[in-house]
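The values are calculated or read from the model by the stated rules, or taken from the named source; none is laboratory data. These figures come from a predicted structure and were not determined experimentally. Note: ideal-geometry Cβ built from the backbone for every residue, glycine included; neighbour counts use all protein chains shown.
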Amino acid sequence: MASFFSKVRAGLAKTAQQIRERLGPVEEAQAPEAAAARPAAPASGVSVETFDALEDALLTADVGLSATERIIDAVRSSRHGTLGERVERVMLGILSDVPAPPPPSARPHVILVVGVNGTGKTTTVGKLANLMRASGQQVMVCAADTFRAAAVEQLAIWTDRAGVDLVRAQMGSDPAAVAFDAVSAAKARGRDVVIVDTAGRLHTRANLMAELDKIRRIVAREVPGAPHEVLLVLDATVGQNGLVQAREFMAASGANGIVLTKLDGTAKGGVAIAIAYELKLPIRYIGVGEAIDDLLPFDPAAYVSALFSRTW
C-alpha cells in the first residue's frame, strides 16, 4: 500500500508544491504563537488575508470558482482543525459525494474509452488492461480506432506488455463491427472485461459522435446493458478546459466516468475537485506517470492528502 500512496504523492507533487507555496505562509500565521501577536481573528479563526491567499491557491490549482467558493464558505463556518485540515475535509466531502458506479452486472463487462486526440487515451487503455489483469480479471482489448494505423500498433505494444488479448481489423474497417467481433470473442472465451479503444474525436464532429452511438448500439445487442462504462480520458494539464470536454461528452456519448491523465506533468491537479463538484462525475482512474503500472484506481482520501503532502 505504501507504494500506491507514494505514487499518488509523486503524481501530484507539482500541484502540492504550488499549494504549499501559497498556503504555507498563511498556515504559519495561524499558529498559536503567531496568532497571539495579532489582533483578534474573526469567528472562523482565519483572517481576511488568509482567505484571499486560500482562494488564490485553490484557483491556481484549477479547483474552479464554484468549488473554491464552497470550500471557503465551509472553512469560514468551522473552527475545528488547522486551515489545511479544514480544506482537506471539505475536499474529501466533495469527492465522496459523487455516486460510485454500480458493480459489474454482466459478463463480459464492456468499457468504452472515449476522448479527444492527445489525451493519452490509447496508452490509458493498455494501462487499464494491465491493471485489471493484475487484479485477476481476464481482459480483452478491442482496437476500434481503425483510421490510425499508429494507434493500433501502439495498442498492440501495450496489450503485449500487459499480457492480454487484442482484437483488431484492417485499417478502414467499420469500428462498430470490430467492437462486435471483440465482444463476441470475449463471450466465447469467457473473458471478464472488454475494453474498447475508440478513435479520438471532438464532440463537435457529428459523424464521429454518430459512430460512437453505433458502437454503443452494437455492443448492447450482444451484452445486456453494454457499454457498462463509458470512460472519458481527460488530460489534466488542460485544467478547467477539461470541464467543457466532460460536459459535452456526457451529453454526446453518455460518458459516466473520468480517467484523469498526465497529473505528474501539471500543477492543475485541483481540477479533480472541480469535476466532482460541478459534474458529479466519478473519477475512476488517474495517470501519474508513463510506466505501465502508473494508472491507479482513484482514491479520494489518498488524492486529497497528496494535494497537501500529508504523510501516510
(request) Could you tell me whether any residue of region 107-119 is more than 14 Å from the chain's Cα centre (by Cα) and more than 28 Å from Leu208 (Cβ to Cβ)? (result) yes
(request) Out of Ala100, Ala150, report the one residue that is of a type outside the set (Ser, Thr, Tyr), surrounded by fewer than 21 Cβ atoms within 10 Å (Cβ to Cβ) and within 27 Å of Tyr303 (Cβ to Cβ). (result) Ala100
(message) Looking only at region 112-151, filter to residues that are among the β-branched types (Val, Ile, Thr) and in contact with a Leu (Cβ under 8 Å, 6 or more places away or on another chain); which one of those is farthest from Arg201 (Cα to Cα)?
(response) Val141
(message) Checking the structure you have, find out if any residue of region 252-273 is surrounded by 24 or more Cβ atoms within 10 Å (Cβ to Cβ), of a type in the set (S, T, N, Q) and closer than 27 Å to Leu202 by Cβ.
(response) yes
(request) Under 6 Å between Cβ atoms, at least 6 apart or on separate chains: pull out the pairs that start in region 77-104 with a residue that is closer than 16 Å to Leu54 by Cα and end on any residue that is part of a loop (DSSP other than H, G, I, E, B). (result) Arg79/Gly45; Leu83/Gln30; Gly84/Phe308; Arg86/Ser78; Glu88/Phe308
(message) For the condition surrounded by 15 or more Cβ atoms within 10 Å (Cβ to Cβ), more than 22 Å from the chain's Cα centre (by Cα) and closer than 21 Å to Ile292 by Cα, what is the one hit in Val164, Val125?
(response) Val164
(request) State whether the residues of region 99-113 include one that is in a helix (DSSP H, G or I) and closer than 14 Å to Tyr285 by Cα. (result) no
(message) Can you pull out every residue in region 230-270 that is free of Cβ contacts under 8 Å to residues at least 12 places away in the same chain and of a type outside the set (A, V, I, L, M, F, W, C)?
(response) Asn241
(message) Would you confirm whether or not region 240-248 contains a residue that is within 24 Å of Gln154 (Cβ to Cβ), under 16 Å from the mean Cα position of the chain (by Cα) and not basic (Lys, Arg)?
(response) yes
(message) So, Asn241, is that one surrounded by fewer than 19 Cβ atoms within 10 Å (Cβ to Cβ) and closer than 27 Å to Ala149 by Cα or not?
(response) no
(request) Kindly list, by first and then second residue, each pair from a residue in region 115-134 that is more than 13 Å from Thr198 (Cα to Cα) to a residue that is among the hydroxyl-bearing types (Ser, Thr, Tyr) and buried (at least 22 other Cβ atoms within 10 Å of the Cβ), limited to pairs with Cβ atoms under 9 Å and residues at least 6 apart or on different chains. (result) Ala129/Thr159; Asn130/Thr159
(request) Go through region 258-277 and give me each residue that's out of contact with any strand residue (DSSP E or B) (no Cβ under 9 Å at 6 or more places or on another chain) and charged (D, E, K, R). (result) Lys268
(request) State yes or no: is Ala267 assigned to a loop (DSSP other than H, G, I, E, B), of a type in the set (A, V, I, L, M, F, W, C) and farther than 25 Å from Val110 by Cα? (result) yes
(request) Within region 290-312, track down each residue that is surrounded by fewer than 22 Cβ atoms within 10 Å (Cβ to Cβ) and closer than 27 Å to Glu248 by Cα. (result) Leu296, Pro297, Phe298, Asp299, Pro300
(request) Tell me which residues, restricted to region 167-190, are within 27 Å of the chain's Cα centre (by Cα) and farther than 16 Å from Leu112 by Cβ. (result) Arg168
(request) For region 67-96, enumerate the residues that are modelled with pLDDT under 90 and outside any helix (DSSP H, G or I). (result) Ser78, Arg79, His80, Gly81, Thr82
(message) Tell me whether region 191-214 contains one or more residues that are modelled with pLDDT of 95 or more, farther than 14 Å from His109 by Cβ and surrounded by fewer than 24 Cβ atoms within 10 Å (Cβ to Cβ).
(response) no
(request) Please enumerate the residues belonging to region 270-312 that are small (Gly, Ala, Ser) and in a loop (DSSP other than H, G, I, E, B). (result) Gly270, Gly289, Ala291, Ser309
(request) Give the residues of region 259-312 that are within 26 Å of Ala156 (Cβ to Cβ) and β-branched (Val, Ile, Thr), sorted by residue number. (result) Val259, Thr261, Ile286, Val288, Ile292
